[in-house]
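Note sheet for the following structure.
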Amino acid sequence: MIIHDEHKRARALAARRLFIILGGACLLLAMAALWPEPSPYEELPEGVLYCGAERVKGGNFRSRGQEFAGGATQSAAFARNGQYSSHLPLGEGLQYGLGYTQERPKPGTAWKASIWRKQSGRQDTYLAVSLEGGAQPRYWQENIALERDGEGWERLEVRFSIPYRGQAERVKVYVYGNGESEAWFDDFTLEALPAPEAFELPRVELSIGPGGMKTLQANREKALQRGILSSDGLDWVAAGFIAENGSELPARVRLKGDWLDHLQGDKWSFRVKLESGQAWNRVRTFSLHAPHARYHLHEWLFHQLLESADVLTTRYDFVELLLNGESLGVYAWEEHFEKQLVESRNRREGPIMKFEEDAYWATIGRQLSAHGYVKPGAAYRTGTAYSAEIAPFDDKPSEENPAVAEQILEARSLMEQYRRGEVPARAIFDLPKMAVYLAYCDLVNARHGLAWHNQRFYYNPITGLLEPIGFDGYGGKPPPLYRLLGGGALSGFAPVSHPLIAQLFQEEDFTAAYLEALHRLSSAAAWRAQLDTLAGQWSARLQAIQAEYPEYKPSLQDYQREGAYVHSLLLPFEPFSLAAYTQSVLGPDRQLWVCNRHHLPLRLVGYGLREEQPSAGLDVLLPARPPRAYAERLRKDSALQQGGFLEEQVQQEQLPPEFTEVRVSAAATHLFFKVPGLDTLFSAPILPYAAPGFPTDMQRLRGLAGLKPGQSYRVEEGAVLFPEGRHELRETLVVPPGYQLVMEAGAVIELSRGASLISFSPLQAMGTAGRPVRVVSPARDGGGLAVLSPGGPSTARYLMAEGLGAPREGRWQLTGALTFYEAPVSLSHCAIIKNRSEDALNTVRSEFELADSYIGETFSDGFDADFCKGGVRNCRLEQTGNDGLDFSGSTVTISDCQLRKNGDKGISVGEESDVTVVGTAIKGAVIGMASKDLSVLRVKDCELADCDQGFAAYQKKPEFGPAVIVVESYQGQGLRRLFSAGEGSQILGL
């Protein structure tokens, strides 16, 4: 017993220990689940201000020792990190939330403010920055998000800078809204961007004697008279160039520029060539021009971006220029095309090549002197890229160095190959550098330098390839960017605006390299990082330029948005950018016609049974769809800077889609594709129907309209005549407009093998009691007779139609054995029997008279009239598969008719019809008379016999309403039920 008790106590102790261990583990798991995840803002670089709206004291938010306005707006409804955010509610007037104020901010500093927002509806809440006091009060705001996190939060960002001149009193960063929608804000940061020491414009001076100034003034006057500046070797004048350190360097100077914008007012542009043995900023020859000629800081940023990617570009910056002691204000300086350009970028000396533009400017000069303006599209072939000489910038070394002469010859050959477009780009250019250069031209909309006479290339004597030299990106404020340079790539289309560059986009290798570069450079993270790196230098130079050009107000924020737009243009829309139509399925194969609807090329890489991954491979290139050449030309030649409407026209006036035939497995449901140069895989469903846009069956049918010689019919005096006798039609006959289709008494027209008789001219069927006109299908394999929009009335007397189907051409098919569409017609003493179509007689949008006729043994309805007006008199309709008479949207009078053994309704009126029935007998129908959908049926002196139901009034279609039957008098016999009226419908008089 004692031993038993000890074992029992031991087991109990072990159980308690196990319980404690398991309980502790559960507690740890629960704590881990409930413990908040560490915020990504726990550790931030020094100097970055952060507020997560978590703590409020004294009406302000507090975070890390700093105070932020708006504590009263703290809300627990939503939080991106932590438990709280700043809430902007609905309300009257402006609503303000979290904010930060810094007194007396340091001049010359650049900042980036960022905050996350959660909202629904309109984007009418903002992140704003205001700079108060000082010489230059400023304001920035942003409501367009830069990125989203998938949880409904989106990030706003504003970059701003503090001017050097005029100490600002304070800068305020805050969020606000107009009170018409609510939003929540969280995770506010404010960080300083890299900034060098204050940028001061170097002061340089040109010292030119009276004789030299007189020469320059004379050359300027001559240019103003001509409309352009022409240069020759005799227009240089002696000068002294005084550098910022005060040293004077002997130089020669001439006016520079082509158009007169370089000669405005007293801000002339100059080319400066220092005398032998002299250099400034490590260059020997350079230009000095007014910043607006290259659109100010835009050009500087373009050069900085190219330099960061090791793409050759001229050195470019700003100075203050004095001319003979008088300040001309801020100027841009740019090095010329000499060996220092390539050697400073770690390249071995090699020739710099160009297409000579003297002939081009000669054609411009002739037009200006002849009629005073430059005519768009003027056909001076002498002044085109294809006529221009190819030359180096400096051919003197070739006289002294035979090796350089050989290099020039090689470079000329490459330039000519480029111009002709007959040699692959990879054999002419350093492909990655050319791709990056054009990518940056797109990214910052710097395309002025792509004009053929502005293109410059360096011949690399080691690789034997050409490298682009980026410069002259802007000739002024650029027009808005709507499409990429690579738009329409591989299509064979070369827009006239950049024909030489466009040739490169007809090669997949180059296109892939360009798209890869553009995708990489324009990605949000990479583009932001590059702009952040340049923000300090940008800010310093911007303030220097705005001191003279206050109307120039660019923003790195705008560049960031444009980069996001460019990036968005690259990727196709899944699944809308690719259309795959099934043309046929034959055995194990499905034949597709595939259309690329993206503006960039696509490559099919596979197909599969689901949209996740391909199960089989493909390798099919689909070229892009180009815009029409003339719309591109219109945009190029327009003097309007805001040419958005032209771009809309470009998009609207696309060429018809190009289809590519592809065969896949019959079981395939999706195609998979990529953009060349990009890794992202996309999918699009395979559509089960054929491609649209081809001639319709009715168009093909109208194309058959024509009268052939040697047929049994005759064409005479505006009539197509079928005389008495037998006429066999084994293929459809289409009578064109402008005739009369005449069938004489005794004519027998036999339709076989699907043939129909279709007339766009009036019908005149003139039979007699003894010699009726007969339209028949003895083998019951023919079509029918249709009169369509003939332009005049038709008449049919003693016409017999037997065994007919309905006219059909491919997917186009009518419902009546006899059809009259927009064709006034009078039919008397006619018979329509044993038809195989849905309706024996069908009139649509026509006025008609049907008298003394018989319709029987029909497949479905006897007579179906849609949207017509007319009368039916003394007719018999027997053994119809469905309704005897069926009227929709029509006004009809029926008198003295006999209807027997109708498969559904004797008389059916619907869709707001107005029908009167007098003296008519109906026997053996399911429903004698029915009125539906806002129709009114009036009945007088009629007989109903052996019907399941006499009258019915009801609403069938929801877009209509109740119906009415007014019975003045009737006789009924053998009716199982007299009437039924649906909700709201009425039967009056019973």
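Side notes on the structure shown:
- Each residue in the stretch 949-982 was checked for being at negative phi, in a loop (DSSP other than H, G, I, E, B) and touching a strand residue (DSSP E or B) at 6+ places or on another chain (Cβ under 9 Å), and 11 pass.
- Taken as a whole, the stretch 517-534 holds no residue that is surrounded by 17 or more Cβ atoms within 10 Å (Cβ to Cβ), assigned to a loop (DSSP other than H, G, I, E, B) and at pLDDT 90 or above.
- One residue alone among Glu959, Glu878 is of a type outside the set (A, V, I, L, M) and closer than 23 Å to His829 by Cβ, and that residue is Glu878.
- Qualifying positions in the stretch 805-839 - at positive phi and over 51 Å from the mean Cα position of the chain (by Cα): His829, Lys834
- Among residues of the stretch 172-183 that are in the same structural domain as Arg155 (by TED's automatic domain parsing) and free of Cβ contacts under 8 Å to residues at least 24 places away in the same chain, none has a beta-carbon under 6 Å from a residue that is in a loop (DSSP other than H, G, I, E, B) and surrounded by 24 or more Cβ atoms within 10 Å (Cβ to Cβ) at least six positions away or on a different chain.
Let's see how each residue does on (1) at pLDDT 95 or above; (2) surrounded by fewer than 14 Cβ atoms within 10 Å (Cβ to Cβ):
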residue	(1), (2)
Ala564	no, no
Leu571	no, no
Phe576	no, yes
Ser584	no, yes
Arg590	yes, no
Val594	yes, no
Leu602	yes, no
Val605	yes, no
Glu611	no, no
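- The number of residues in the stretch 869-901 that are small (Gly, Ala, Ser) and either touching an Asp or Glu at 6+ places or on another chain (Cβ under 6 Å) or touching a residue at least 40 places away in the same chain (Cβ under 8 Å) (or both) comes to 5.
- Here Asp883 clears all of (1) assigned to a loop (DSSP other than H, G, I, E, B); (2) charged (D, E, K, R); (3) more than 27 Å from Gln986 (Cα to Cα) except the condition numbered (3).
- Test result for Leu671, under 30 Å from Ser759 (Cβ atoms), among the hydrophobic types (A, V, I, L, M, F, W, C), in contact with a strand residue (DSSP E or B) (Cβ under 8 Å, 6 or more places away or on another chain) and in contact (Cβ under 8 Å) with a residue 12 or more places away in the chain: no
- Scanning the stretch 82-110 for residues that are among the polar types (S, T, N, Q) and within 12 Å of Gly70 (Cβ to Cβ) gives Ser85, Ser86, Gln95, Thr101.
- Considering the stretch 165-180, the residues that are under 26 Å from Glu548 (Cα atoms) and surrounded by fewer than 20 Cβ atoms within 10 Å (Cβ to Cβ) include one that is modelled with the highest pLDDT, namely Arg170.
- Given (1) within 21 Å of Lys339 (Cβ to Cβ); (2) touching a strand residue (DSSP E or B) at 6+ places or on another chain (Cβ under 8 Å), index of the condition Pro461 fails: (2)
- Meets criteria (touching an Asp or Glu at 6+ places or on another chain (Cβ under 9 Å) and buried (at least 18 other Cβ atoms within 10 Å of the Cβ)) for Glu728: no
- Any pair with Cβ under 6 angstrom, 6 or more apart, that starts in the stretch 968-990 at a residue that is among the acidic types (Asp, Glu) and ends at one that is in a strand (DSSP E or B): Glu968/Lys940
- Scanning the stretch 475-485 for any residue that is under 22 Å from the mean Cα position of the chain (by Cα), under 21 Å from Phe302 (Cα atoms), of a type in the set (D, E, K, R) and assigned by TED's automatic domain parsing to the domain that holds Met415 turns up at least one such residue.
- Just one of the listed residues (Arg252, Arg315) is in the same structural domain as Gly473 (by TED's automatic domain parsing), closer than 23 Å to Asn445 by Cβ and of a type in the set (Lys, Arg), namely Arg315.
- Just one residue in the set Phe859, Phe863 is modelled with pLDDT under 95 and either buried (at least 18 other Cβ atoms within 10 Å of the Cβ) or more than 25 Å from Val776 (Cα to Cα) (or both); that residue is Phe859.
- Residues of the stretch 696-738 satisfying the condition of being part of a loop (DSSP other than H, G, I, E, B) and either aliphatic (A, V, I, L, M) or farther than 20 Å from Gly783 by Cβ (or both): Leu704, Ala705, Leu707, Pro709, Gly710, Glu717, Gly718, Pro723, Glu724, Pro737, Gly738
- Considering Ser895, Ser890, Ser853, the condition of being over 15 Å from Ala796 (Cα atoms), crowded, with 19+ Cβ neighbours inside 10 Å and at pLDDT 95 or above is satisfied by Ser890 alone.
- For Asp866: the one exception among (1) charged (D, E, K, R); (2) touching a Cys at 6+ places or on another chain (Cβ under 9 Å); (3) touching a residue at least 24 places away in the same chain (Cβ under 8 Å): (2)
- One residue from Ile162, Ile144 being in contact with a helix residue (DSSP H, G or I) (Cβ under 9 Å, 6 or more places away or on another chain), buried (at least 18 other Cβ atoms within 10 Å of the Cβ) and among the β-branched types (Val, Ile, Thr): Ile162
- Applying the criterion of being surrounded by 20 or more Cβ atoms within 10 Å (Cβ to Cβ) and either under 10 Å from Leu438 (Cβ atoms) or of a type in the set (A, V, I, L, M) (or both) to the residues of the stretch 496-511, the residue that is modelled with the lowest pLDDT is His498.
The values are calculated or read from the model by the stated rules, or taken from the named source; none is laboratory data. Keep in mind the model is a prediction, meaning the values are calculated, not measured. Don't worry about glycine lacking a Cβ; one is built from the backbone with ideal geometry, like all the others, and counts go over all protein chains shown.
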